[in-house]
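Trainee: For reference, the structure I am asking about is given below.
The values are calculated or read from the model by the stated rules, or taken from the named source; none is laboratory data. Everything numeric in this text was worked out from a predicted model, so none of it was measured. Don't worry about glycine lacking a Cβ; one is built from the backbone with ideal geometry, like all the others, and counts go over all protein chains shown.
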Amino acid sequence: MELATLFIYFCLLFAVAFFSYQKQRTDADFIIGNRSMNFWLTALSAHASDMSSWLLLGYPAMIFTTGMIGAWAAIGLTLFMFLNWQFVAPRIRVATEQSNSLTINSYFENRFNDTSGSIRIVSAVMSILFFTFYISSGLVGLGILVESLFNLPYTVGIAIGLLIVVLYVFTGGYRTIAWIDLFQGFFLLAVIVFIPAIILWKIGGMGPVMQAAAAQKLSTSLFPNFSGHTLWFIVLTAAGWGLGYFGQPHIITKFMGIRQVSEMAKAKWLGISWQFVTLFAATLIGLIGIYFFPAGLVDPQRVILNIVKETLPPFFAVLVMCAILAATTNVMAAQILVVASNMSEDLYKKIVRKSASASELLLVSRISVLLFAIMAFAIAYLKISTIYQLVLYSWSGLGASFGPLLLLSLYRKSINRYGAFMGIFVGGMTAAIWPWIENIYHWETPTSLVAGFILSIIAIESVSFLTRRT
């Protein structure tokens, strides 16, 4: 029964990939679906391509080890994603169509009239750097999943995950990812809500869970106290995650692909509703883990897997595996697609072969998919960090590199190409180096994104002002 469920799930994924391939003819189809997506596809694709294995493995592990105060990460993400829909999505959709830009990097180049190619190059470098680590975090999640549920080697798990993602991205592109995001988004929603609901019903509600958290001296409230240290921690946790939304290319491109700007409001409310429910359910899973494992776990990332194995029939373990596959492959596919577009549109077309045809660029995009998938596999194989830390590093780097410039480019006319270049460079490098500073001083809050965001804005404004007459 379990194997049959898994087989049916994979068949559905590849059926969607095959269907999408029939409609794909150019690089515009491959990268942004020729701007033809309805609001359902846009909403679920934007949100499902955001919540990777972090949603089911990394985030519940944080709640499991910190208690309710860790939920400020989810609150910050939900708030800032709403702001992203409200203030960025409609404007970037219009601006990229007017400038005929297929990627965020090409939009920056066109917006600031950069004929030197410097903005595209620094943007592509930052994207490739941070997305490679981001993609590897998804592979780590799949390796843990297969190792825990089926007792197979970790390497087999990351290889299986990579094969799944590469096959349907390689064949289908943007449209495939959008349709699979829709299917997997609803599937993920059903699974992540069902698990805490059925377990809480069995144990008698949240009372025993909160008693267990209190017994372990973990936070049972969003505001454990009102000291300056606690309030500062809350602000930095919320902003240290939420600000990143303004600069995630794999999410911004979903806004660019919607059919009509007038449908953006419907997509916003649908997407935010999905995000609120899934993050709330993931928070419950982390709290339930405190009740079931009072002595802790060697690897907190496995909390949901251990809960399911101990409390539910084996069939549900397969459903959880499919849900984690859904969450992980959605994000990995979107990220690999962005990196592939960086290679074809931002580097190959701009630097190597300016006269490249649409079919040639499509071929380059597909070759890039394979190249960066292999690089991510190598990082995941080495197990250099946890899912939570890999996602935080990558999320912060992308958010600090592109978020400040994207916001200012849409709302400020005084920014020039020199400021734009320095903003990407300073923001990205700050986020890349800052974790070393955090380790030296043992800071407990995610500050690299906040620091990079602030310094990037300063760099953009100051350099633009100093070079305004250049």
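Trainee: Show me the helices (runs of 4 or more DSSP H) found entirely inside region 72-124 where at least 3 residues are in contact (Cβ under 8 Å) with a residue 24 or more places away in the chain, among the polar types (S, T, N, Q) and closer than 30 Å to residue 60 by Cα.
Mentor: It comes to 72-87.
Trainee: For region 237-350, which helices (runs of 4 or more DSSP H) that fit wholly inside it have 1 or more residues that are under 20 Å from residue 145 (Cβ atoms) and in contact with a Gly (Cβ under 6 Å, 6 or more places away or on another chain)?
Mentor: Passing ranges, in order: 303-311, 314-341.
Trainee: Turning to a different aspect of this structure: Among the residues of region 145-156, is there at least one that is of a type in the set (Val, Ile, Thr), at pLDDT 85 or above and either on the phi < 0 side of the Ramachandran plot or out of contact with any Asp or Glu (no Cβ under 7 Å at 6 or more places or on another chain) (or both)? If you could, list the steps in order and put the result at the bottom.
Mentor: From region 145-156, those of a type in the set (Val, Ile, Thr) are 146, 155-156; that's our starting set.
Subsequent filtering for residues that are at pLDDT 85 or above retains 155.
Filter again for either on the phi < 0 side of the Ramachandran plot or out of contact with any Asp or Glu (no Cβ under 7 Å at 6 or more places or on another chain) (or both), leaving 155.
Yes.
Trainee: Which one of these is surrounded by 13 or more Cβ atoms within 10 Å (Cβ to Cβ) and either within 30 Å of residue 452 (Cβ to Cβ) or of a type in the set (Phe, Trp, Tyr) (or both): 315, 280?
Mentor: 280
Trainee: Go through the residues of region 121-132 one by one and say whether even a single one is surrounded by 24 or more Cβ atoms within 10 Å (Cβ to Cβ), in contact with a strand residue (DSSP E or B) (Cβ under 8 Å, 6 or more places away or on another chain) and within 30 Å of residue 286 (Cα to Cα).
Mentor: No, every residue in region 121-132 fails to be surrounded by 24 or more Cβ atoms within 10 Å (Cβ to Cβ), in contact with a strand residue (DSSP E or B) (Cβ under 8 Å, 6 or more places away or on another chain) and within 30 Å of residue 286 (Cα to Cα).
Trainee: State all residues of region 164-208 that are modelled with pLDDT of 80 or more, aliphatic (A, V, I, L, M) and farther than 14 Å from residue 281 by Cα; if no residue qualifies, say none.
Mentor: Hit for region 164-208 is 203, nothing else.
Trainee: If you go through region 211-263 one residue at a time, how many are closer than 17 Å to residue 96 by Cα and touching a residue at least 60 places away in the same chain (Cβ under 8 Å)?
Mentor: Total meeting the criteria: 16.
Trainee: Related question: Within region 356-389, count every residue that is more than 30 Å from residue 439 (Cα to Cα) and in a helix (DSSP H, G or I).
Mentor: Keep residues of region 356-389 that are more than 30 Å from residue 439 (Cα to Cα), which gives 356-371.
Remaining after also requiring in a helix (DSSP H, G or I): 358-371.
Matching residues across region 356-389 total 14.
Trainee: Considering only region 231-256, state which residues are surrounded by 14 or more Cβ atoms within 10 Å (Cβ to Cβ) and more than 20 Å from residue 82 (Cβ to Cβ).
Mentor: The one that is surrounded by 14 or more Cβ atoms within 10 Å (Cβ to Cβ) and more than 20 Å from residue 82 (Cβ to Cβ): 233.
Trainee: If you check 62, 81, which single one turns out to be surrounded by 19 or more Cβ atoms within 10 Å (Cβ to Cβ) and closer than 24 Å to residue 230 by Cβ? It would help to see each step written out before you state the result.
Mentor: On the way: 81 fails: closer than 24 Å to residue 230 by Cβ.
Matching residue, one of 62, 81: 62.
Trainee: How many residues are over 22 Å from residue 137 (Cβ atoms), modelled with pLDDT under 90 and of a type in the set (A, V, I, L, M, F, W, C) when one looks only at region 280-316?
Mentor: Final tally of qualifying residues: 4.
Trainee: Restricting attention to region 393-420, which residues are part of a loop (DSSP other than H, G, I, E, B) and not aliphatic (A, V, I, L, M)?
Mentor: Once the filter is applied, which keeps residues that are part of a loop (DSSP other than H, G, I, E, B) and not aliphatic (A, V, I, L, M), region 393-420 yields 412, 413, 414, 416.
Trainee: Counting only residues that are more than 21 Å from the chain's Cα centre (by Cα) and buried (at least 20 other Cβ atoms within 10 Å of the Cβ), which one in region 350-365 is farthest from residue 100 (Cα to Cα)?
Mentor: Top of the filtered list is 364.
Trainee: Name the single residue, out of those in region 378-401 being under 13 Å from residue 427 (Cα atoms) and small (Gly, Ala, Ser), that is surrounded by the most Cβ atoms within 10 Å (Cβ to Cβ).
Mentor: Only one residue fits best here, namely 400.
Trainee: Can you say whether residue 75 is more than 18 Å from the chain's Cα centre (by Cα) and among the hydrophobic types (A, V, I, L, M, F, W, C), as far as the supplied structure shows?
Mentor: Numbers: more than 18 Å from the chain's Cα centre (by Cα): no; among the hydrophobic types (A, V, I, L, M, F, W, C): yes.
In short, no.
Trainee: On the given criteria, is residue 424 part of a loop (DSSP other than H, G, I, E, B) and touching a residue at least 24 places away in the same chain (Cβ under 8 Å)?
Mentor: no
Trainee: Would you say residue 407 is crowded, with 23+ Cβ neighbours inside 10 Å and closer than 17 Å to residue 242 by Cα?
Mentor: no
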